[in-house]
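Accompanying notes for the structure given below.
The values are calculated or read from the model by the stated rules, or taken from the named source; none is laboratory data. These numbers were taken from a predicted model, which means no experiment stands behind them. Ideal geometry is used to build each Cβ from the backbone, glycine not excepted, and the neighbour counts take in all protein chains shown.
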Amino acid sequence: MLRLLLGLLLVMYGGAATAQQLGPPQSLTKSAPAKPKPKKVKRTPPKKSPVAREMFAAATEPAPLEASSIGGYAKGCLAGGVALPVNGPDWQVMRLTRNRNWGNPRLVDYVERLASDAHALDGWPGLLIGDMSQPRGGPMLKGHTSHQVGLDADIWLTPMPDRILTPEERENMTAVSMLEDPFTVDPEIFTLLHVKLIKRAASYPQVARIFVHPAIKTALCEQAPKVGKDKSWLAKVRPWWNHHYHFHVRLSCPPGEQNCQNQKPVTGDLGCGKELKDWYAMLKTSAIAMAQPGAKRWKGKSPLTMAQLPKECDEVLTAGGFEPPNPDEDEDADKPAAVVAALATKEAGPPVPILTPAQLFALTGKGDGIPLPDRNPKR
């Protein structure tokens, strides 16, 4: 009996010990101490980069640095800009209050030579010069996305008068459109003399591109044989929107200017085939849209900030102690006089012609093609 009692005690003790060994270790059953919550750190939002266009427009003098085009045609600036004289033997500068007759010395030399050669060799009366660049280049308040590095120039297709224009005339005179409708030039206005001028402008090796309205490009393709056997110059002449009262010359980067960014060179394609066909398809779409009631014009992309320009443009903007305004910081501050003057200037030329109701009907088959005034004749 005693043995039986001792055996039962041993079994009960061994089971309890086994159960204790199978359980979790004592140290793991205790809860871990709570970690202190991290303190919230107030982060200051990064400072927004200011919009560049008013800052560059406020600079009325060039950056006193070595002449250099910095960045790309639509994202850059100009150091050491040179002003084209407002009057020359074969040219006159228009819209003087814009102060956009500045450029890389390469551009100023080109304009002066083109004016002289076109007058002496082709009989062109003289050039009316539109926008080139601002004194320090950079984005403009309105009118262009390019013209930022001092290598672009707009040249009116209106011949220069045989007298010196007054400052008032230069502000208010409107360039003549070459278009008869959104798709064709007016043969009474666009003449063989215009073809010779554009050919002359494209003939210099430093010219990278010339931009004209697609209808003008078509006329050039058709009339090129009348101004010589060589048609290679046509490859540089490219179609682009709204260039119907002027042509836009773009020069390649000057040799040795490492911070200047060229476009890809044009190919040998004269651009008189598929490219023009594609452009006319786009012109048709645009013309139909613009003929609709309440049509809105394209507003363009968001303005460039200083952070989007090459870093060298910060030095260009402030060189010589110039302190540019920052309208993003003080919206109530008065705009600099140069900015006010540039904003107030009149557009250089008329808008592209709008389709008449009859033309719209011919293109779309919608409506009856009868102009609205004729539907409600006066009694």
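Return yes when residue 348 is buried (at least 16 other Cβ atoms within 10 Å of the Cβ), within 18 Å of residue 213 (Cβ to Cβ) and at pLDDT 95 or above and no when it is not. If you could, list the steps in order and put the result at the bottom.
Working: buried (at least 16 other Cβ atoms within 10 Å of the Cβ): yes; within 18 Å of residue 213 (Cβ to Cβ): yes; at pLDDT 95 or above: yes.
Considered against the rule, which asks whether it is buried (at least 16 other Cβ atoms within 10 Å of the Cβ), within 18 Å of residue 213 (Cβ to Cβ) and at pLDDT 95 or above, residue 348 comes out as yes.
Regarding the range 61-74, can at least one residue be identified that is out of contact with any helix residue (DSSP H, G or I) (no Cβ under 9 Å at 6 or more places or on another chain), at pLDDT 80 or above and within 30 Å of residue 126 (Cβ to Cβ)? Write out each step before concluding.
Of all residues in the range 61-74, those out of contact with any helix residue (DSSP H, G or I) (no Cβ under 9 Å at 6 or more places or on another chain) come to 66, 72-74.
So of that shortlist, the ones also at pLDDT 80 or above come out as 66, 72-74.
Filter once more, keeping what is within 30 Å of residue 126 (Cβ to Cβ): 73-74.
The answer is yes; a qualifying residue exists.
Only residues that are farther than 18 Å from residue 55 by Cα and surrounded by 23 or more Cβ atoms within 10 Å (Cβ to Cβ): list them for the range 74-83, please. It would help to see each step written out before you state the result.
Step one: of the range 74-83, the residues farther than 18 Å from residue 55 by Cα are 82-83.
Of everything in the range 74-83, nothing turns out to be farther than 18 Å from residue 55 by Cα and surrounded by 23 or more Cβ atoms within 10 Å (Cβ to Cβ).
Could you tell me which residue of the range 92-130 is surrounded by the fewest Cβ atoms within 10 Å (Cβ to Cβ), considering only residues that are on the phi < 0 side of the Ramachandran plot and of a type in the set (D, E, K, R)?
113
Inside the range 146-173, can you point out the residues that are in a loop (DSSP other than H, G, I, E, B), hydrophobic (A, V, I, L, M, F, W, C) and more than 13 Å from the chain's Cα centre (by Cα)?
Step one: list which residues in the range 146-173 are in a loop (DSSP other than H, G, I, E, B), which gives 146-151, 157-166, 173.
Remaining after also requiring hydrophobic (A, V, I, L, M, F, W, C): 149, 151, 157, 160, 164-165, 173.
151, 157, 160, 164, 165, 173 - these are the residues of the range 146-173 that are in a loop (DSSP other than H, G, I, E, B), hydrophobic (A, V, I, L, M, F, W, C) and more than 13 Å from the chain's Cα centre (by Cα).
Restricting to the range 134-147, name every residue that is closer than 18 Å to residue 242 by Cβ and among the polar types (S, T, N, Q).
145, 146, listed by residue number.
Only one of these is closer than 29 Å to residue 347 by Cα, in contact with a Gly (Cβ under 7 Å, 6 or more places away or on another chain) and among the aromatic types (Phe, Trp, Tyr): 245, 280. Name it.
Working: 280 fails: in contact with a Gly (Cβ under 7 Å, 6 or more places away or on another chain).
Being closer than 29 Å to residue 347 by Cα, in contact with a Gly (Cβ under 7 Å, 6 or more places away or on another chain) and among the aromatic types (Phe, Trp, Tyr) holds for just one of 245, 280, which is 245.
Would the range 19-31 turn up any residue that is modelled with pLDDT of 95 or more, out of contact with any His (no Cβ under 6 Å at 6 or more places or on another chain) and assigned to a helix (DSSP H, G or I)? It would help to see each step written out before you state the result.
Within the range 19-31, the subset modelled with pLDDT of 95 or more is none.
No, the range 19-31 contains no residue that is modelled with pLDDT of 95 or more, out of contact with any His (no Cβ under 6 Å at 6 or more places or on another chain) and assigned to a helix (DSSP H, G or I).
Residue 206 passes all but one of (1) over 25 Å from the mean Cα position of the chain (by Cα); (2) closer than 22 Å to residue 73 by Cβ; (3) among the polar types (S, T, N, Q); which number fails?
Every condition holds for residue 206 apart from (1).
So residue 250 fits all but one of (1) crowded, with 18+ Cβ neighbours inside 10 Å; (2) assigned to a loop (DSSP other than H, G, I, E, B); (3) in contact with a Lys or Arg (Cβ under 7 Å, 6 or more places away or on another chain); (4) not β-branched (Val, Ile, Thr); what number is the exception?
Against the list (1) crowded, with 18+ Cβ neighbours inside 10 Å; (2) assigned to a loop (DSSP other than H, G, I, E, B); (3) in contact with a Lys or Arg (Cβ under 7 Å, 6 or more places away or on another chain); (4) not β-branched (Val, Ile, Thr), residue 250 comes up short only on (2).
Just give me the residues in the range 291-325 being in a loop (DSSP other than H, G, I, E, B) and either crowded, with 17+ Cβ neighbours inside 10 Å or modelled with pLDDT of 85 or more (or both), in sequence order.
Looking only at the range 291-325, we keep the residues that are in a loop (DSSP other than H, G, I, E, B), and these are 291-304, 309-311, 322-325.
If the condition is that a residue be in a loop (DSSP other than H, G, I, E, B) and either crowded, with 17+ Cβ neighbours inside 10 Å or modelled with pLDDT of 85 or more (or both), then 291, 292, 302, 303, 304, 309, 310, 311, 322, 323, 324, 325 are the ones that fit.
Checking the condition of a type in the set (A, V, I, L, M) and more than 24 Å from the chain's Cα centre (by Cα), which residue from 84, 141, 121, 96 passes?
Values: 84 fails: more than 24 Å from the chain's Cα centre (by Cα); 141 fails: more than 24 Å from the chain's Cα centre (by Cα); 96 fails: more than 24 Å from the chain's Cα centre (by Cα).
The match here is 121.
Residue-wise test of (1) within 17 Å of residue 111 (Cβ to Cβ); (2) assigned to a helix (DSSP H, G or I); (3) not β-branched (Val, Ile, Thr).
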| site | (1), (2), (3) |
| --- | --- |
| 175 | yes, no, yes |
| 180 | no, no, yes |
| 189 | no, no, no |
| 195 | no, yes, no |
| 198 | yes, yes, no |
| 218 | no, yes, no |
| 222 | no, yes, yes |
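How many of the residues in the range 118-145 are of a type outside the set (D, E, K, R), closer than 20 Å to residue 344 by Cα, touching a residue at least 24 places away in the same chain (Cβ under 8 Å) and part of a loop (DSSP other than H, G, I, E, B)?
Matching residues across the range 118-145 total 11.
Give me the pairs, please: first residue somewhere in the range 264-282 and over 10 Å from residue 217 (Cα atoms) and in a helix (DSSP H, G or I), second residue anywhere and at pLDDT 95 or above and of a type in the set (Phe, Trp, Tyr), beta-carbon distance under 8 Å, and either six or more positions apart or on two chains.
As it stands, the answer is 280/183, since those pairs meet every condition given.
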